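Student: Mind looking over this structure? Questions follow.
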Amino acid sequence: MNGAQDMGGQMGFGPVAPEVNEPLFHGAWEKRALAITLAMGATGSWTIDRSRFMRESMPPAAYLSKSYYDIWATGLERLLIDTGLASAEEIRTGHALTPPAPVKRVLKAADVPAVLARGGPCDRPATAPARFAVGDRVMTRIMHPKTHTRLPRYARGKPGRIEAVHGAFVLPDTNAHHQGEGPAWLYGIVFDGRDLWGPDGDPLLTVRIDLFEPYLEPAPLEPAPLEPALLEPTP
Amino acid sequence: MGHDHPHDHDRQHDHDHQHDHHHGHDHDHDHDHDGSALSEVALRVRALESLLVEKGYVDPAALDALIETYETKVGPRNGARVVARAWSDPAFHAWLMQDATAAIASLGYTGRQGEHMVAVENRPGRHNMVVCTLCSCYPWSVLGLPPVWYKAAPYRSRAVIEPRSVLAEFGVTLPDETEITVWDSTAEIRYLVIPERPSGTEGWSEDRLADLVTRDSMIGTGLALPADAHPEAAA
């Protein structure tokens, strides 16, 4: 969706402000927000794609005014309501008003190292041959779904070239909306900076973006160069 | 589409945040470390945690174990060891560039937000930097949790359109003729930048080399420290 999260190329946010000797957390609540987000993710009640969608679909003014752990906490609240694991009233008061809903598993302390070490690989067996190969020229589609997508706005309708074929991966666009993992080929695509940003763009900039096959079309055929003979006046 | 409205509590929060400053909370800081009032978000997160514990969805001991993992075990020291090995061992370097996931796993660094790794190498004339314009994708297994600036709007919006001015804010000025590739982490592939090895480090041990590898140099917003910056360098 065209939400506030899609920031590439937006302007007016000011300078990057790296903090010298930045602490890992800015306050104890950030640790707790991280931990409950990861622990609830481990219950298997939603996918990472769903959780991203529940963060990016909050009102833009809210998204832009929150620190990132606040975005996570707010996203978690929305996921709990979305899945029926908790009600808005329970979240407001911090107390259960109804019995818990069943979850697939509860992460135990002893299992934390193994669960984190395993992670959540997203590669899947391919269900069809790859449409594109390294070196192919492609065009990204112009599309504006109201649902989750990982094709940034700044890279829509742009020409690029396939630099890597990563394999088939879970397609976030369907997975975020309970429509299945729909594994799709994932490509690393290189874009010329001026194709993205116009003639004022940095001439020595290229942007590499990982994009799924449904985001792509073959590049239009370039017109064949005119043969010099055709340019000669007819005798 | 039915997902783009926050629940009432959140809406109330935003209303308060924008129009009701007289209650005196500082929303940017967490004050529980000194016993004074908790910020609004800290209170929300505390309520959320109590609710989730009461419902039995999360185990408090697991929350502590998750936090401890990222406070003490997973951080940029992991990535620095990968880089130092790549600088020292040509066979490892070749493996890392060919199959970063496997090469990095061989050092014991696997798991969440590092399931699918790619290493990209800086060299004279070519600089790489990594961003996630759509959220905060970051190679946790080798760099730990991302710094605030990586997740914030200025970096996410500008890295792909004006990387040189972003680099300048980190104190990095590249030669005008250096090509820049910005890697936008839009899917589940995570990128680790291998910075250039500083001159004057021939024969150094991997441990000593790793001391020169900063977190930012592995994101591409910094360079590895020069040899004479090593803490044990002759004064």
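Student: How big is the A/B interface in buried accessible area, both sides summed, 1.4 Å probe, to the nearest 100 Å²? Please report the intermediate quantities before stating the final value.
Tutor: Numbers: alone 15030 and 13900 Å², together 20820 Å².
Interface area, both chains combined: 8100 Å², rounded to the nearest 100.
Student: Need one value for B:159-171: mean number of C-beta atoms belonging to other chains within 10 Å of its residues' C-beta atoms. List each step's numbers first, then the result.
Tutor: Details: counts 5, 13, 13, 7, 5, 3, 3, 2, 1, 2, 4, 2, 1.
Mean shielding by partner chains, rounded to a whole number: 5.
Student: In whole Hz, what ³J(HN,Hα) sequence does the stretch B:97-107 give by Karplus (6.51, -1.76, 1.60; θ = phi - 60°), x for Gly and Pro?
Tutor: Rounded to whole hertz, the list is 6, 8, 8, 5, 4, 6, 5, 5, 4, 5, 8.
Student: Within 12 Å, Cβ to Cβ, of A:Glu90, how many net charges do the neighbouring residues add up to if Lys/Arg are +1 and Asp/Glu are -1? Let's see the in-between values first.
Tutor: Details: positive: A:Arg92, B:Lys55; negative: A:Glu77, A:Glu89, B:Glu54.
So the surrounding residues net to -1.
Student: I've got another one for you. What percent of all Cα-Cα pairs in the protein assembly as shown falls in each 20 Å bin, counting up from 0?
Tutor: 22, 55, 20, 2, 0
Student: To continue, here is another question. Can you tell me the FRET efficiency between A:Lys104 and B:Glu54 if r is taken as the Cβ-Cβ distance and R0 is 22 Å, rounded to the nearest 0.05? Don't jump to the answer; show the numbers that get you there.
Tutor: On the way: r = 19 Å, r/R0 = 0.87.
Taking R0 as 22 Å, the efficiency between A:Lys104 and B:Glu54 is 0.70.
Student: Counting residues in the stretch B:75-229 as N, plug N into 2.2 N^0.38 Å and put the Cα Rg over that result.
Tutor: Values: Rg = 14.5 Å, N = 155, 2.2 N^0.38 = 15.0 Å.
Compared with the compact-globule rule of thumb, the stretch B:75-229 sits at 0.97.
Student: Going by Cβ distance under 4.7 Å, what cysteines of the protein assembly as shown have no possible disulfide partner?
Tutor: A:Cys122, B:Cys135
Student: Could you give the radius of gyration (one decimal) and Dmax (whole number) of the Cα atoms in the stretch A:28-118, in Å?
Tutor: Cα radius of gyration and Dmax of the stretch A:28-118 are 13.6, 40 Å respectively.
Student: Another question about this same structure. Can you tally the net charge around A:Pro18? Count Lys and Arg as +1, Asp and Glu as -1, for every other residue whose Cβ sits under 9 Å from the Cβ of A:Pro18.
Tutor: -4
Student: Also, quick follow-up: Given H placed on each backbone N at 1.01 Å, which residues far from A:Leu216 in sequence or on other chains put an amide H within less than 5 Å of it?
Tutor: The answer is A:Arg141.
Student: Counting only residues 5 or more places away or on other chains, whose amide H sits under 5 Å from the amide H of B:Val120 once H atoms are built in the peptide plane?
Tutor: Long-range HN contacts for B:Val120: B:Leu192, B:Val193, B:Ile194.
Student: Follow-up question, since we're still on this one. Go ahead and run the numbers for FRET between A:His26 and B:Asp228, Cβ-Cβ distance against an R0 of 25 Å, rounding to 0.05. If you can, show how the numbers build up before the last one.
Tutor: Details: r = 33 Å, r/R0 = 1.32.
That gives a FRET efficiency of 0.15.
Student: Over all directions, what mean area does the Cα convex hull of the stretch A:136-218 project, stated in square nanometres?
Tutor: Values: hull surface 21.4 nm².
Average projection, Cα convex hull of the stretch A:136-218: 5.4 nm².
The values are calculated or read from the model by the stated rules, or taken from the named source; none is laboratory data. Just so we're clear, the structure is a prediction, and the values are computed from it rather than from any experiment. We place every Cβ from the backbone using ideal geometry, glycine too, and count neighbours over all the protein chains shown. Each accessible area value is taken on the protein alone, full model and side chains, heavy atoms only, with ligands, DNA and RNA left out. Shrake-Rupley method; radii C 1.70, N 1.55, O 1.52, S 1.80 Å.
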